[in-house]
Amino acid sequence: MSKIALITGATSGIGAATSHLLAANGYDLILTGRRNKRLVELEHELSAKYKAKCLLLCFDVTKPEKVQTSLDSLPGNWKAIDVLINNAGLAVGMDTVDNGEIDDWERMIDTNIKGLLYMTRTVVPWMKERKSGHVINISSLAGKESYPMGGVYCGTKHAVQAISHAMRIELLPYGVKVGTLAPGMVNSEFSNVRFKGDDERALKVYKGITPLYPADIAETILFMITRPAHVNIDDLLIMATAQGSARDVFRNPESI
Ligand code: NDP
Ligand code: 8X3
């Protein structure tokens, strides 16, 4: 029997790459995001390439009632979710804490922390009932260290680390695994969103380095979820070779 994985934020970047890799590895997929057209295109691709079975749920993770009704609408056999990948997330804006925009803060806190909580609150009880399951929470290097102008984003990812650690302990008696994966710079739509559509500024983030790509993170997720039953990868930090910390990035001077 195929395993079922639910991926939030499957419409782009890490979520889309993970959808491809898990489909190629025989998983049935529940794909979620707000952009329905992208979900439909992704399903067509995965079905044509890998004959993958997909179920699409288009909703905003920041809306608790939408999360609940969308997940409740799953047919019974699709509720037996083996892997929940809480990946949907974003950074919006870069500014000092005393100068930041409240709307940016709300979006980051609502998506990265509350969205993850709403998803978890619905899916984990199903896992507990079956005494089986695996939750992967996508954190960030920003969940390990804070950097100026990113205080609120870093705060949300530190919260992901803290919440995940508590979940890991709470779920021990149920055999449900919890792991966090904390990437450094990944070339996705992340910076385009952070800089609110200023694509030139977004491009500069990756200038002169080979950053991580979404496929690198997908491979790592696949590794985490395919360990033997007695092994749990609790917390994994992954960075591009050219990055040593949030602020230490070695850029090739010739390509800057
Ligand atoms: P992308 O911008 O490429 O993808 C983000 C995904 O999140 C999209 O599929 C988007 O879907 C979804 N999303 C955002 N807001 C919502 C929402 N309110 N409801 C539902 N889905 C939402 O970025 P990445 O792939 O890079 O980001 C994925 C995760 O990885 C995030 O949690 C991010 O913080 C984390 N991360 C990224 C790093 C990077 O450098 N790129 C490094 C470390 C961590 P849609 O717009 O269709 O709703
Ligand atoms: C994204 C990585 O370093 O831009 O989570 O915060 S970073």
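A short reminder: the numbers here are calculations on the coordinates, not readings from a lab. If you're wondering where the values come from, they're calculated on a predicted model, not measured in any experiment. A quick note on method: Cβ atoms are made from the backbone with ideal geometry, for glycine too, and the neighbour counts reach across all protein chains shown.
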Kindly provide the set of residues from segment 124-151 that are within 16 Å of ligand 2 (Cβ to nearest atom), crowded, with 24+ Cβ neighbours inside 10 Å and not small (Gly, Ala, Ser), ordered by number. ILE136, ASN137, ILE138
Taking segment 152-174 and keeping residues in a helix (DSSP H, G or I) and more than 15 Å from ligand 1 (Cβ to nearest atom) leaves ALA162, HIS165, ALA166, MET167, ARG168, ILE169, GLU170, LEU172, PRO173, TYR174
Go through segment 4-43 residue by residue and tally those that are in a loop (DSSP other than H, G, I, E, B), under 25 Å from PRO64 (Cβ atoms) and away from ligand 2 (no atom under 16 Å from the Cβ). 4
Evaluate the following for LYS51: is it surrounded by fewer than 18 Cβ atoms within 10 Å (Cβ to Cβ) and either away from ligand 2 (no atom under 16 Å from the Cβ) or under 24 Å from HIS165 (Cβ atoms) (or both)? yes
Of the residues ALA218, ALA162, ALA202, which single one is within 20 Å of the chain's Cα centre (by Cα) and surrounded by fewer than 17 Cβ atoms within 10 Å (Cβ to Cβ)? ALA162
All but one of (1) more than 22 Å from the chain's Cα centre (by Cα); (2) away from ligand 1 (no atom under 14 Å from the Cβ) hold for VAL249; which doesn't? (2)
Looking at (1) away from ligand 2 (no atom under 14 Å from the Cβ); (2) outside any helix (DSSP H, G or I); (3) of a type outside the set (Val, Ile, Thr), find the lone condition where GLY89 falls short. (1)
Here is a check on your reading of the model: is THR69 out of contact with any strand residue (DSSP E or B) (no Cβ under 8 Å at 6 or more places or on another chain) and more than 14 Å from ligand 1 (Cβ to nearest atom)? yes
Test result for GLY93, surrounded by fewer than 22 Cβ atoms within 10 Å (Cβ to Cβ), within 28 Å of ALA142 (Cα to Cα), in contact (Cβ under 8 Å) with a residue 40 or more places away in the chain and small (Gly, Ala, Ser): yes
Matching entry among ALA52, ALA5, ALA24 (being without any contact (Cβ under 8 Å) to a residue 40 or more places away in the chain, among the aliphatic types (A, V, I, L, M) and touching a Phe, Trp or Tyr at 6+ places or on another chain (Cβ under 6 Å)): ALA24
Given the conditions (1) buried (at least 21 other Cβ atoms within 10 Å of the Cβ); (2) more than 17 Å from the chain's Cα centre (by Cα); (3) over 23 Å from ASP110 (Cα atoms), which single one is not true for LEU71? (3)
Say whether the condition of being free of Cβ contacts under 8 Å to residues at least 12 places away in the same chain, outside any loop (DSSP other than H, G, I, E, B), within 17 Å of THR122 (Cβ to Cβ) and among the hydroxyl-bearing types (Ser, Thr, Tyr) is met by at least one residue in segment 55-75. yes
Exception for GLU145 within (1) within 16 Å of ligand 1 (Cβ to nearest atom); (2) over 22 Å from ALA229 (Cβ atoms); (3) part of a helix (DSSP H, G or I) falls at (3)
When the residues of segment 176-225 are narrowed to those that are without any contact (Cβ under 8 Å) to a residue 12 or more places away in the chain and not in a helix (DSSP H, G or I), which ends up nearest to ligand 1 (Cβ to nearest atom)? GLY197
Flagged in segment 219-256 as of a type in the set (Phe, Trp, Tyr) and out of contact with any Gly (no Cβ under 8 Å at 6 or more places or on another chain), in numbering order, are PHE223
Considering only residues of segment 118-136 that are basic (Lys, Arg) and part of a helix (DSSP H, G or I), which is nearest to ILE163 (Cα to Cα)? ARG121
